[in-house]
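First up is the structure itself, then whatever we jot down about it.
The values are calculated or read from the model by the stated rules, or taken from the named source; none is laboratory data. These numbers come from a predicted model, not from an experiment. Heads up, the Cβs are rebuilt from the backbone with ideal geometry, glycines too, and the neighbour counts pull from every protein chain shown. For the accessible areas, the whole protein counts, side chains as well, though only heavy atoms, and no ligand, DNA or RNA atoms are used. Shrake-Rupley method; radii C 1.70, N 1.55, O 1.52, S 1.80 Å.
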Amino acid sequence: MTTENIFEALRNWKNLIDSYTIENDTNGTEIWNYLNQGTHFSVSGREIEQWAKNLENEELKRIHAYIGIHEKKLKFFLIDSKSDKDADFSTVIAKDFLFNFPESKIESSCDMVDLPTTITAESAINRNFRWNMFGTAWLRSQKDKDFFQVISIPFSDYTDMRIEGEKTCTSFFGLTDDLEKKDPDFPYHIEIITVESLAVDHISKEAENYSTPRPPFSVDTLSDYQLLKKSSSVFV
């Protein structure tokens, strides 16, 4: 996929959310349909290894997961924070929003260490359940706010998976307490949760989660998100 294809996909998402937050789309049905086209995307050990090389000398190490629409399909565009800030878009990885898991995923297992950003499997399930049950309430709460275009994920969420090569981990949506800006009407924001293994009868004992939707920006700025900045000359 070319850089212009990626720009176009990001603009498609921006135009859609603008029609909801600025214009006259009151129910957000189309947005919700896109956000339910799949359940997850996968990241491989090889991709994590490449990000590690790109971020080796960085203090703040994050993965930016952009949302876009390409050929009527929701896509995630992943780029490490250094490449994004440097506008090196050759490193962007496009991810499909999937329903199905490979057989190897069902057979995998995990024995993870307990780290500060680690949450329990129960918490991961609860947050994903909250997304599935109350996602439309979250959507309504975004009507007069800065609707997210990218989710900033700590790189440690992926390195803590301790996977290598073609093995993969799974990332999916959840709703978590909004620690940056409490909203009395709906005090939760969208997040991306990552687990090493997930199946009908099994989930990793721990999951990684400390992701934050952007905009709004707080400790970081729009200049850290060159893919977002350059995809459109207008930023609302």
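Numbers below:
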| quantity | calculated |
| --- | --- |
| Cα-Cα P(r), the range 124-194, percent of pairs per 5 Å interval | 3, 14, 23, 24, 16, 10, 6, 3, 1 |
| Surface accessible to a 1.4 Å probe, Y158 within the full protein complex, Å² | 0 |
| Long pairs among K82/K167; K14/K82; K167/K230; K145/K167; K73/K229, criterion Cα-Cα beyond 31 Å | K167/K230; K145/K167 |
| Cβ-Cβ FRET estimate between I22 and I125, R0 fixed at 30 Å, reported to 0.05 | 0.30 |
| Rounded accessible area of D185 (nearest 10 Å², 1.4 Å probe) | 130 |
| Theoretical gain in end-to-end length, A52 to L222 [0.36 nm per residue, Cα-Cα removed] | 58.9 nm |
